[in-house]
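Notes to accompany the following structure.
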Amino acid sequence: MNRSSSNQRSFSRRSFLKWAELAGLAAALPSASALAASENAKSGSRANASPAKAPASPETILLKDYRPKSIYKIPVTQIAKAKFPIIDMHSHPYAKTEREIDAWVRNMDEVGVEKTIILAMATGAEFDDIYQKYSRHPARFEMWCGLDFSGYDKPGFAAAAVQELERCHHAGARGVGEIHDKGKGLRSGKSNAAGMHPDDARMDALWEKCGALGMPVSLHVADPIWMYEKMDRHNDGLMNAWEWRLDNQPDIVKLSGMIDIFERTLARHRNTTFIACHFMNLDYDLARLGEVLERNPNLYADISARYAETAPIPRFAAEFYAKHADRLVYGTDMGVDTAMYRTTFRILESLDEHFYEIEQFGYHWALNGLGLNDEILQQVYRENAAKLLAARKT
Ligand SMILES: [Zn+2]
């Protein structure tokens, strides 16, 4: 019983996609529609599964099975289509076939996404293949390549990596991403550079070349703070943090250290534009992110996959958006479903209170809408991204 429910848990849509991304298997993902079908089947079976034989009580209900439902009689806002057109700055090649890509475009039309940036995290033939498939819709998708870290610990690395970057650019890549460093070193899809962080001198030539080619870099450092906390009864984000725990990694650069590394990288490469993925994982400390943004004009932050982390603090988060509306860009990072897009609209646009999206986000807590005004929505949904993309040399 335990095992089957933990299997279901670990194959929730978000975690599966994240896992595949971590394992560098983005290209091997099953089709989006197959994923949706299996997810539906799973949530169906989850509803029928009874986690314990004993009568339900606080003694028998496990935290991992807790699925509260709001019973407040308060407004529920359904937003079928975003209030303004969107450029999604953080997505991945989830759709694998032409049919699936066409279906994704229809979803984008339905919810109001004008263009999606595909962070391919790939180089070489793998990038070329992704480019080939998505370039059938040149107005709807833009493909960004990864970096090749092979031989990063040997002489000649930088020259070879720069050469491959130039090749990808020539083949159609308009930016670079998503590049990860969760504290153990850089990673781009399947390519790893253990112990080499973004501020390493070995990365200088690559970051400079990105700037020279007008390729913005989508860089993901660290992870949400709850993953570093003790996995105990005080951990506010326990149910999601457990799955992504970093507290058990002794030789890792911690969150604050990774922010310092990112800032040193920004200062070293002023001619390169960086987009910090997921609020730079400072969703728990937006004041610090504000300071980092103010100190670094070559930095934007995307809001992808951190809806659940900002929706518990709607007033503080909305104030942050108001203050830094010119530096934040919309992103998803959570598949292709219309329901997923609509959840992001509800959080950004509505003033709904105390609603749950546990299967989507993994946290057990309730969410609230931020109620952003039209001016901020327009900037975050599209204007900032359009400006950033237009600033590139062709
Ligand atoms: Zn991503």
Looking for something crowded, with 20+ Cβ neighbours inside 10 Å, among the basic types (Lys, Arg) and not in a loop (DSSP other than H, G, I, E, B) - is there at least one such residue anywhere in region 156-171?
no
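Checking the condition of a type in the set (Asp, Glu) and assigned to a strand (DSSP E or B), which residue from GLU110, GLU142, GLU126, GLU100 passes? Please lay out each step first, then the result.
Details: GLU110 fails: assigned to a strand (DSSP E or B); GLU126 fails: assigned to a strand (DSSP E or B); GLU100 fails: assigned to a strand (DSSP E or B).
Step by step, each of GLU110, GLU142, GLU126, GLU100 is checked, and only GLU142 is of a type in the set (Asp, Glu) and assigned to a strand (DSSP E or B).
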Kindly establish whether ASN281 is at pLDDT below 95 and crowded, with 17+ Cβ neighbours inside 10 Å.
no
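Just checking: which of the helices (runs of 4 or more DSSP H) contained wholly in region 341-394 hold 2 or more residues that are in contact with a Phe, Trp or Tyr (Cβ under 7 Å, 6 or more places away or on another chain)?
Those helices (runs of 4 or more DSSP H) span 374-378, 384-390.
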From the list ALA241, ALA276, ALA287, ALA301, which residue is open to solvent by 10 Å² or more (accessible area, probe 1.4 Å) and not aromatic (Phe, Trp, Tyr)?
ALA287
Only one of (1) open to solvent by 10 Å² or more (accessible area, probe 1.4 Å); (2) touching a Phe, Trp or Tyr at 6+ places or on another chain (Cβ under 9 Å); (3) among the small types (Gly, Ala, Ser) fails for GLY146. Which number is that?
(1)
Between VAL113, VAL76, which is open to solvent by 80 Å² or more (accessible area, probe 1.4 Å) and either away from the ligand (no atom under 16 Å from the Cβ) or under 30 Å from GLY189 (Cβ atoms) (or both)?
VAL76
Across region 322-336, what is the total count of residues that are assigned to a loop (DSSP other than H, G, I, E, B) and within 16 Å of the ligand (Cβ to nearest atom)?
7
Of all residues making up region 172-188, the number that are touching a Leu at 6+ places or on another chain (Cβ under 9 Å) and open to solvent by 10 Å² or more (accessible area, probe 1.4 Å):
3
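The values are calculated or read from the model by the stated rules, or taken from the named source; none is laboratory data. As the structure is a prediction and not an experimental result, all values here were calculated from the model. As a convention, Cβ positions derive from the backbone with ideal geometry for all residues, glycine included, and neighbour counts pool all protein chains shown. Just so you know, the surface numbers come from the protein's heavy atoms only, side chains and all, with ligands and any DNA or RNA stripped out. Shrake-Rupley method; radii C 1.70, N 1.55, O 1.52, S 1.80 Å.
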